[in-house]
Amino acid sequence: MSLAAQTHGFLTPTGVEIAFLLVGLVTFGAALVTVTTRQLVHAALWLVVALGGLAVEYLLLTAEFIAWVQVLIYVGSVVVLLLFGLMLTKAPIGRSPDADSGNRWAALTVAVAAATALVWVVVDAFRATWIDLDGAAAGSTKVTGASLFQNWVLPFEALSVLLLAALVGAIVLSRRAKATAAASSAAADAPGGRPAEEGVR
Amino acid sequence: MHLVYPAVLSALLFCTGLYGVLARRNAILVLMSVELMLNAVNLNLVAFDVWLSKTATETLHSGQALTLFTIAIAAAEIGIGLAIVLAVYRDRGTSDIDRLRDSAEGPGDDPGPGDAAAAQDTEKAEATT
C-alpha cells in the first residue's frame with residue numbers, strides 16, 4: 001500500500017473523486033430530508049433523489065449493471081409502491097405535525113453516536129487504500145452476468161423461490177382482511193371488544 | 001478513487017436510516033428508512049467489490065452478486081411490509097406505530113383483562129381463518 005500511497009495524493013483529489021463527493025453530498029442531503037420532513041409525500045419524493053444519487057455513485061464506481069438495476073427496481077417500483085401505500089393509508093397531503101415520535105432526541109443521540117463511531121473506524125482503517133478505476137469496468141453487464149450464472153446460480157434460483165414466496169405471502173396478507181370481516185364484526189358484539197372501539201376512531 | 005469516500009458515505013446513509021427508523025411514527029416512513037439502510041449496505045458491497053476485483057487475482061464478484069440479492073430481497077420485503085401495513089390500517093384505522101401497543105407490557109398502558117382477552121380472541125380468529 002505504500003507504493004499506492006506514493007502515486008496518490010491526499011490533498012489532490014481526482015475528477016472522479018470530486019464528482020463522487022458532490023453526488024454524495026446531494027444523496028446524503030436528500031436522505032436527511034427524507035427522514036426529517038413533515039410532509040409524508042415529500043419524504044417519498046426525496047427518497048427518489050437519494051436512490052437516484054446512489055445509482056450515479058454506482059456508475060462512478062463502474063458498476064453499470066447494478067446502477068441500472070437500482071434505477072429500475074428502487075426508483076421505478078419501490079418508491080411507486082411506497083407512494084401507493086401512503087395514498088392507501090390516507091396519509092395527509094399537507095404537513096402532519098405528528099410525523100416524528102417523542103423519542104426523536106434519543107434517536108438523534110443514537111444515530112450521531114453510531115455515525116461518529118463508524119466514520120472514525122472506517123477512516124482509520126482505509127485511509128491508505130485506493131480503488132483502481134482504470135481499465136475494464138468491474139461491473140459491466142458481461143462480467144456481472146458471467147459471475148452470476150457461473151458461481152451464483154444456486155443462490156439465484158433460491159432467490160426466485162423467495163420472490164415467489166413473497167408474492168404468495170403478499171396476496172394472502174391482503175386477502176385476509178376481507179375474509180375476517182365477518183369474524184371481527186362478530187367479535188365486536190363481545191363486551192369491551194376492540195373492534196367496536198376502533199370503529200369509533 | 002480513495003476507498004474512504006464510498007465507505008464514509010455509506011456509514012452516513014446507514015446512520016440516517018437508523019435515525020429514521022427510531023424517530024419516525026408512520027409505519028411507511030419507517031419502511032423508507034429501512035430502504036435507506038439497505039442502500040447504504042449495497043453501496044458498501046459495490047465499493048469493496050470494485051476494490052477487490054482489481055487487487056485480487058481471483059474474485060467471484062461476490063459483492064455485486066450479493067448486491068443484486070439484497071435488491072431483490074428488499075423488493076420482496078417492501079411488498080410484504082406494505083401488505084402488513086395495509087392490513088393493520090384496514091383493521092385498526094391507523095398506521096401509527098406508537099398506537100399499536102397490544103403486545104406492550106408496561107405499567108402505564110395496561111389495557112385491562114377483558115380488553116386483552118377480546119384482542120386475543122380476534123387475533124385467534126384472524127389466525128385460524
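The values are calculated or read from the model by the stated rules, or taken from the named source; none is laboratory data. In this text, all values refer to a predicted model and were calculated from it rather than measured experimentally. Every residue, glycine among them, receives a Cβ derived from its backbone with ideal geometry; neighbour counts consider all protein chains shown. We work out accessible area using only protein heavy atoms, side chains counted, and drop any ligands, DNA or RNA first. Shrake-Rupley method; radii C 1.70, N 1.55, O 1.52, S 1.80 Å.
Name the residue, out of A:Ser77, A:Ser140, that is open to solvent by less than 30 Å² (accessible area, probe 1.4 Å) and hydroxyl-bearing (Ser, Thr, Tyr).
A:Ser140
Might you check whether a residue that is in a helix (DSSP H, G or I) and either facing chain A (nearest Cβ under 7 Å) or at pLDDT below 80 (or both) occurs anywhere in region B:91-101?
Residues of region B:91-101 in a helix (DSSP H, G or I): B:91-92.
If we keep only those that are either facing chain A (nearest Cβ under 7 Å) or at pLDDT below 80 (or both) as well, we get B:91-92.
Yes, region B:91-101 contains a residue that is in a helix (DSSP H, G or I) and either facing chain A (nearest Cβ under 7 Å) or at pLDDT below 80 (or both).
Could you list, ordered by first residue, the pairs with Cβ atoms under 9 Å in which the first is in region A:56-81 and under 20 Å from B:Ile80 (Cβ atoms) and the second is open to solvent by less than 10 Å² (accessible area, probe 1.4 Å) and among the acidic types (Asp, Glu), at least 6 apart or interchain?
The qualifying pairs are A:Tyr74/B:Glu35; A:Val78/B:Glu35; A:Val79/B:Glu35.
For region B:54-73, name all the residues that are more than 7 Å from chain A (Cβ to nearest Cβ) and touching a residue at least 24 places away in the same chain (Cβ under 8 Å).
Correct list: B:Thr70 only.
With open to solvent by less than 80 Å² (accessible area, probe 1.4 Å) and within 8 Å of chain B (Cβ to nearest Cβ) as the only criterion, which of A:Val153, A:Val119 stands out?
From the options A:Val153, A:Val119, the qualifying one is A:Val119.
Can you work out which of the residues in region B:19-32 that are free of Cβ contacts under 8 Å to residues at least 24 places away in the same chain and surrounded by fewer than 23 Cβ atoms within 10 Å (Cβ to Cβ) is farthest from the chain's Cα centre (by Cα)?
Here the residue is B:Leu22.
For (1) at pLDDT 90 or above; (2) within 8 Å of another protein chain (Cβ to nearest Cβ), each residue gets a yes or a no:
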| site | (1), (2) |
| --- | --- |
| A:Ala125 | yes, no |
| A:Asp134 | no, no |
| A:Ala137 | no, no |
| A:Thr141 | no, no |
| A:Ser147 | no, yes |
| A:Leu162 | yes, yes |
| A:Leu173 | no, yes |
| A:Arg176 | no, yes |
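Could you tell me whether region B:73-80 includes any residue that is at pLDDT 90 or above, more than 30 Å from A:Ala146 (Cα to Cα) and aliphatic (A, V, I, L, M)?
Yes.
Starting from residues that are more than 30 Å from A:Ile93 (Cβ to Cβ) and either surrounded by 24 or more Cβ atoms within 10 Å (Cβ to Cβ) or among the acidic types (Asp, Glu) (or both), keep the ones in region B:33-44 and report whichever is nearest to the chain's Cα centre (by Cα).
Here the answer is B:Asn42.
In region A:18-40, which residues are at pLDDT below 90 and facing chain B (nearest Cβ under 7 Å)?
A:Leu40
For B:Ala47, indicate whether it is closer than 28 Å to A:Gln150 by Cα, more than 7 Å from chain A (Cβ to nearest Cβ) and open to solvent by less than 10 Å² (accessible area, probe 1.4 Å).
no
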